[in-house]
Amino acid sequence: MVCRKPADPVDWPPLVLGLLTLLKQFHARYTEQFLALIGQFIRSTVEQCTSQKIPEMPADVVGALLFLEDYVRYTKLPRRVAEAHVPNFIFDEFRTIL
């Protein structure tokens, strides 16, 4: 998720909490599938950028990682749950960009 205007910041907490509220109404496997899909998006986009020798992380990936970090924080899940879908080095590299 990227803003139309680069100067406008994305307000992640309402989106994260809304999705959290929605997913809590369903079986836990849907949350696991959701995390797996976000992880797949992040991994595949980073792999594509690496293979094309693009030096910086795309804004879509940065937004997805910000979303995922906030989701883990608000759900009070251990970070290893997110790291099961997104490798730790991607999180570490992402933090150095910000």
>> Return the residues of the stretch 16-59 that are surrounded by 10 or more Cβ atoms within 10 Å (Cβ to Cβ) and farther than 22 Å from residue 87 by Cα; say none if nothing qualifies.
In response: 17, 18, 19, 20, 22, 23, 24, 26
>> List the residue pairs whose Cβ atoms are under 8 Å apart, where the first residue sits in the stretch 63-84 and is without any contact (Cβ under 8 Å) to a residue 24 or more places away in the chain, the second is basic (Lys, Arg), and the two are 6 or more positions apart or on different chains.
In response: 72/79
>> Tally up the residues in the stretch 79-98 that are more than 11 Å from residue 42 (Cβ to Cβ), modelled with pLDDT of 90 or more and either touching a Leu at 6+ places or on another chain (Cβ under 6 Å) or surrounded by fewer than 10 Cβ atoms within 10 Å (Cβ to Cβ) (or both), please.
In response: 1
> Restricting the search to the stretch 25-51, which residues are modelled with pLDDT under 90 and more than 21 Å from residue 95 (Cβ to Cβ)?
Replying inline: 51
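The values are calculated or read from the model by the stated rules, or taken from the named source; none is laboratory data. If you're wondering where the values come from, they're calculated on a predicted model, not measured in any experiment. Note: ideal-geometry Cβ built from the backbone for every residue, glycine included; neighbour counts use all protein chains shown.
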